[in-house]
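Report on the following structure.
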Amino acid sequence: MPKDSFMDLAIAEAEAAGARGEVPVGAVIVLNGKVISRAGNETRALHDVTAHAEILAIRRASQVLTQERLTEADLYVTLEPCTMCAGAISFARIRRVYIGAEDDKGGGVLNGARFFEQPTCHHKPEVYSGFQAVRSAKILRDFFKTQR
């Protein structure tokens, strides 16, 4: 499956999250060309500030594989991960991260803390940005317009 197809799945998760009233962010974890987990934000539904799409996708992938390390897995996410999620990505040893839209305010990978660039970061995945960035950003903009 092409990288854009995996990002399409992440976007579908983001759209579903937005339809549930969650901030529309979606994530998909792929291993050996197969989707092993997918998630959208569930912070409101679970009453859990850590229930970001990336965290949930990592938790689900770890359960599927019955291990905490996802060393050969790739993460597709519609919005640049925050610093908390970047830490989880590093600890899970995710191989590659494909990002849709950058997050100037809350991002922790390309903006803000730039977690993977810190000397205390134990594992730095390969990071690629701009995958369906316009579409990913539009989903967020449209969602927040309805919230104001």
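Summary of values
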quantity	calculated
Inverse of mean 1/r across different Cα pairs in the stretch 88-139, Kirkwood, Å	11.7
The stretch 10-80: proportion of alpha-carbon pairs further apart than 13 angstrom, %	59
Residues whose placed amide H lies under 5 Å from that of S37, excluding near-sequence neighbours	I29
Protection proxy ranking of 18-26, 115-123 - average other beta-carbon atoms within 10 Å, highest first	18-26, 115-123
Whole-number accessible area per residue in Å² for the chain, which is evaluated in the context of all protein chains at 1.4 Å	50
Cα principal axis extents for the stretch 60-126, largest first, Å	35, 26, 17
Accessible surface of the stretch 66-124 [probe 1.4 Å, protein heavy atoms]: carbon and sulfur percent	47
Bins of 5 Å from zero: percent of alpha-carbon pairs in the stretch 1-147	2, 11, 22, 25, 22, 13, 4, 1, 0
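The values are calculated or read from the model by the stated rules, or taken from the named source; none is laboratory data. Model, not experiment: these values are computed from the prediction. Glycine gets a Cβ as well: all are built from the backbone with ideal geometry, and neighbour counts include every protein chain shown. Accessible surface areas use protein heavy atoms only, side chains included; no ligands, DNA or RNA. Shrake-Rupley method; radii C 1.70, N 1.55, O 1.52, S 1.80 Å.
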